[in-house]
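Accompanying notes for the structure given below.
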Amino acid sequence: MEVRGSAISREIAAVYIKDDSRIEIRIRLPASYPLEDCQVECTSKAGVAEGKCTRWVLQIIQLLATQDGSVVDAILFL
C-alpha cells in the first residue's frame, strides 16, 4: 500500500497492490469537513471488477459519513 496526501488540494490518494490487481482510491476533503461529506472515487482499477470498486467506494463513504470513522480508518478499510 502506498499513501500520498496534499494539504493544498486537501486530497489523499491510496494505492493498493495485491497479486496482479492494482486499485487507486482518492479521497477529497472539503474545507468544511466533517460537516460536509468527502468525495471518494476510484481512479485506477487494474484487475478489479467495476462492481467491486463501486462497492468499496460506497463503503468508504458510509464509514466516513455515518460511522464516525477517521480518514485513516477509511484508507485501511480495503
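Bear in mind that the values in this text are calculations on the coordinates, not laboratory data. This one's a predicted model, so the numbers in the text were calculated from it and none came from an experiment. Cβ: placed from backbone, ideal geometry, glycine included. Neighbour counts: every protein chain shown.
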Item to check | Residues LYS52 and GLU2, FRET efficiency given R0 of 25 Å [Cβ-Cβ distance, rounded to 0.05] | outcome: 0.80
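Loop only by DSSP, 16 or fewer other Cβ within 10 Å of the Cβ. Give me the GluC sites (Glu not before Pro) in the chain that pass, ordered by residue number.
Numbers: sites: GLU2, GLU11, GLU24, GLU36, GLU41, GLU50; in loops: GLU36.
Sparse-neighbourhood loop GluC sites (Glu not before Pro): GLU36.
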Checklist entry - Helix 50-66 versus the longest principal axis of the chain: what is the Cα-based angle in degrees, 0 to 90, to the nearest 10? => result 20 degrees
Checklist outcome for this item: Calculating P(r) over Cα pairs in 10 Å bins from 0, in percent from this structure picks out, from (1) 15, 28, 24, 16, 11, 5, 0; (2) 18, 55, 24, 3; (3) 17, 37, 24, 15, 5, 2, 0, entry (2)
